[in-house]
1. Can you tell me which residue in the stretch 47-76 is modelled with the lowest pLDDT, limited to those that are more than 18 Å from S4 (Cβ to Cβ) and surrounded by fewer than 16 Cβ atoms within 10 Å (Cβ to Cβ)?
2. Are any residues in the stretch 11-34 within 19 Å of R50 (Cα to Cα) and surrounded by 11 or more Cβ atoms within 10 Å (Cβ to Cβ), and if so, which ones?
3. How many residues are over 26 Å from D65 (Cβ atoms) and touching a Gly at 6+ places or on another chain (Cβ under 7 Å) if we restrict to the stretch 9-24?
4. Which residue pairs have Cβ atoms closer than 9 Å, lie 6 or more positions apart in sequence or on different chains, and pair a first residue in the stretch 48-67 that is touching a residue at least 60 places away in the same chain (Cβ under 8 Å) with a second residue that is in a strand (DSSP E or B) and surrounded by 14 or more Cβ atoms within 10 Å (Cβ to Cβ)?
5. Can you find, within the stretch 35-46, the residue that is modelled with the highest pLDDT among those that are of a type in the set (G, A, S) and more than 21 Å from A21 (Cα to Cα)?
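The values are calculated or read from the model by the stated rules, or taken from the named source; none is laboratory data. Just so we're clear, the structure is a prediction, and the values are computed from it rather than from any experiment. Cβ atoms come from the backbone with ideal geometry, glycine included; neighbour counts cover every protein chain shown.
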Amino acid sequence: MSYSVSIKQSALKSLKNITYADRIRIIEAIDQLKTNPAAVACSKRISRLRRIRIGLYCVVYEVHDAQLTVLVIRIGHHRDGLSINSFMRTRISIWQIEATHKSEKEI
C-alpha cells in the first residue's frame, strides 16, 4: 500500500530556505512516508498530526488513511518551537475565529 504525499505551499517555501545537504535529507525522509507513514522511527503523534525530526529540522504532517494521503504541513528548525502542541493551539484559535465569524454572518 502506497500513500501519496502532498506538501503545502508554505512548507515548500520553508524547504527552499534550508541548506542543500539538509534539504536532501528532509526530502528523503518525506519520501519514506509514502510506504508507511506510521513506521517512521522518530514520530510523535497527537491526534492526526505527526512530527518527525531530521537532524536539526522537524516536519509536521497529517495522515489521511481513508484517502491514502500524507499532507506535509510545516518544515522548520526545531529551535523555532516547531511543536505539534504550538501548532494545534494556533489551529484551534483559527477555528474559533472562523466559527465566530460564521455565527456573526448567520445573525
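1. S47
2. A11, L12, S14, L15, R25, I26, I27, A29, I30, Q32, L33, K34
3. 1
4. V63/L49; V63/R50; V63/T69; V63/V70; V63/L71
5. A38
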